[in-house]
Amino acid sequence: MIRLAFCGLGAIGTPMARHLVGDRFDLVVWNRTHERATAFAANQGVRVASTPADAAAQRDIVITCLPTSREVSALLDGDDGLLAALAPGSLLLDCTSGDPATSREIAARLAERGVHFVDAPVSGGVSGAEAGTLTVMCGGRDEDVERARPVLEAFGQRIVHAGPVGAGHALKAVNNGLLAMHIWGTAEGLTALAKAGVRPDLALEVINASSGRSNSSENLFPQRVLTGAFPRTFRAALLDKDVGIAAEVARDARVPSPLLQLTAELWRMAHNELGEDADHVEAVRVVERLAGVALRAGPLPTPEKPA
Ligand code: NDP
């Protein structure tokens, strides 16, 4: 039986870790807010670790799912940190949407102790994590990715080996850069159309039958914007971080990337305005405010007649 530790029971970490409960894996969990870990483990036969080091002791694979690579790196440090307890030959599997440069540094620190590293960010959202249908983008050595595969298959449907350490994080960041562009662009287009007298639901119906469609137009806008529901599944702060990584990846590669750089700037602005807890789709509210029109289903308010 593979001995696992899972560190980071947040919005997506929790449903991912649920797939690791059961007979196939021997699971230990750790979370910064201890009560979240005890609530997760209650009546599940899962042990709750008191520190990251306690979680990593005698584990074959330690999974991290934290906001950014900064927190993952910090989790290695100190007497209570992962590095103090990860056994030579073990594997750190980082499911954070992190940044390639920090991941390469982490991998180098681990390698000094004979510990292996794979970056394995996921896409598919909380609903994909619950359904066990995530896409996982891996960066690392072939043998390490193969070793991680049975664990990743517990919550992932498509496990892709993208390249060396950092490649998974780079791919994930670019994917989310595109998501950020689609949300912002769709919001700009629909607010412009609303002001021109075209109903957002009608506009989406046409766009979704035409070449301008995206996951944003097909799912996020009909389900969350037109309804005004805005459920909190993925924080805008995290998408801001992802677009920033994508912009940095492009800059590091010396690739002209004005659109990515602009998108990063827009999302930094939205993050500042919305705060730490808002959902990513709530960035549409920022565009609505700038445009002076709200996108909701049903008839548009009658435009005011000029005096
Ligand atoms: P959340 O903000 O919901 O959870 C973050 C987790 O990290 C919590 O367990 C939190 O602990 C822990 N944490 C935060 N800061 C620290 C710290 N300094 N030291 C130790 N632990 C810390 O994030 P998500 O679960 O949504 O996201 C996790 C990662 O997955 C991110 O990189 C995100 O970009 C990515 N992701 C998220 C998706 C989503 O739909 N939510 C989709 C795809 C990827 P505590 O309970 O104490 O706050």
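Identify which of Ala53, Ala291, Ala148 has the largest mean-square fluctuation in a Gaussian network model of the chain, with springs joining Cα atoms closer than 10 Å. Evaluated over the chain, the most mobile residue of the options is Ala291. Where both bridge residues fall in the chain, DSSP classifies roughly 15% of the beta bridges as antiparallel. Ordered from largest to smallest accessible area (heavy atoms of protein chains, 1.4 Å probe), the residues Asp201, Asp240 come out as Asp201, Asp240. Exposed loop sites are taken as GluC sites (Glu not before Pro) in a DSSP loop (any state but H, G, I, E or B) with at most 16 other beta carbon atoms within 10 Å; the longest stretch of the chain without one runs 113-275.
Computed over the range 180-307, relative contact order equals 38 percent, with contacts defined as Cα pairs under 8 Å that lie 6+ residues apart. When only alpha carbons are used to place a centre, the range 202-250 and the range 1-46 end up 30 Å from one another. Per-residue Karplus couplings for the range 93-99, computed as 6.51 cos²θ - 1.76 cosθ + 1.60 with θ equal to phi - 60°, are listed in order as 10, 9, 8, 4, 7, x, 10 Hz, Gly and Pro entered as x.
Heavy-atom accessible area, probed at 1.4 angstrom with all protein chains present, ranks Ser210, Ser90 as Ser210, Ser90, highest first. Once all protein chains are placed together, Met1 keeps about 150 Å² accessible to a 1.4 angstrom probe. Solvent-accessible surface of protein heavy atoms, probed at 1.4 angstrom with all chains present, puts Leu66, Leu259, Leu27 in the order Leu259, Leu66, Leu27, largest first. Extension gain for Met269 to Asp142 (0.36 nm times residue separation, less C-alpha to C-alpha distance): 41.8 nm. In the chain, carbon and sulfur make up what percent of the accessible area (probe 1.4 Å)? After summing per-atom areas, the C and S share lands at 52 percent.
Couplings 3J(HN,Hα) for the range 186-193, derived from phi with the Karplus relation 6.51 cos²θ - 1.76 cosθ + 1.60 (θ = phi - 60°), are 5, 5, 4, x, 6, 5, 4, 5 Hz, where x marks Gly and Pro. In percent, rounded to a whole number, the relative contact order of the chain is 13, using alpha-carbon pairs under 8 Å and six or more apart.
Our summary gives the range 2-163 a relative contact order of 19 percent, counting only alpha carbon pairs under 8 angstrom and 6 or more residues apart.
Taking Gly81, Gly212, Gly124 in turn, the Gaussian network model of the chain (Cα-Cα springs below 10 Å) assigns the largest fluctuation to Gly212. Taking all protein chains into account, the per residue accessible area for the chain stands at 47 Å² (1.4 Å probe). Along the range 121-131 the Karplus relation, 6.51 cos²θ - 1.76 cosθ + 1.60 evaluated at θ = phi - 60°, assigns HN-Hα couplings of x, 10, 9, x, x, 4, 5, x, 5, 5, 7 Hz to successive residues, with x for each Gly and Pro.
The distance separating the Cα centre of the range 264-291 from that of the range 73-97 comes to 34 Å.
Dividing the helix sum by the residues of the chain, where each DSSP H run of 4 or more adds -39500 (n - 2.57), gives a mean residue ellipticity at 222 nm of -14000 deg cm²/dmol.
The values are calculated or read from the model by the stated rules, or taken from the named source; none is laboratory data. Quick caveat, the model's predicted, so the values are computed rather than measured. Glycine also receives a Cβ, built like all others from the backbone with ideal geometry; neighbour counts cover every protein chain displayed. Note: areas computed on protein heavy atoms with side chains; ligands, DNA, RNA excluded. Shrake-Rupley method; radii C 1.70, N 1.55, O 1.52, S 1.80 Å.
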